[in-house]
1. If you take the beta carbon distance between Val6 and Leu45 as r and set R0 to 30 Å, what does 1/(1 + (r/R0)^6) give as a FRET efficiency, to the nearest 0.05?
2. First compute the accessible area of segment 5-71 with a 1.4 Å probe, then give the percent of it belonging to carbon and sulfur atoms.
3. How many nm is it between the label spots at Arg36 and Tyr57, if each spot is 7 Å from the Cα in line with the beta carbon?
4. Net charge near Glu4, counting Lys/Arg +1 and Asp/Glu -1 over other residues with Cβ under 14 Å of its Cβ?
5. Report the far tail of the P(r) of segment 24-71, meaning the percent of Cα-Cα pairs longer than 11 Å.
6. Suppose all protein chains stay in the model; what accessible area per residue would a 1.4 Å probe give for the chain, in Å²?
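The values are calculated or read from the model by the stated rules, or taken from the named source; none is laboratory data. Keep in mind the model is a prediction, meaning the values are calculated, not measured. Here the Cβ positions follow ideal geometry from the backbone for every residue, glycine too, while neighbour counts run over all protein chains shown. Remember, those area values only see protein heavy atoms, side chains included, never the ligands or the DNA or RNA. Shrake-Rupley method; radii C 1.70, N 1.55, O 1.52, S 1.80 Å.
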Amino acid sequence: MLSERVLLGDVLLAVEFRSGSSYTLRYGDLVEYSNRGRRVRGRTLPYEFRSVEQLRYDFEQDVRAAGGSLA
């Protein structure tokens, strides 16, 4: 299991990868990706996992679109 939490200003960024391709990426209350799909600003949407690289790209794009910053 890999688990990391980082405080970016006043927002908590959480990344978790568990065995069996289980994952959760969370940016405060704005964006969350998990095996169950993705949630952006309270709206739940489906998400099809393709690769870790694509997951990271999609997550970062949604964080920016929701008004967040990963810098």
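1. 0.75
2. The value for segment 5-71 is 49 percent carbon and sulfur by accessible area.
3. 2.8 nm
4. The answer is +3.
5. For segment 24-71, the fraction of Cα-Cα distances above 11 Å is 63 percent.
6. 68 Å²
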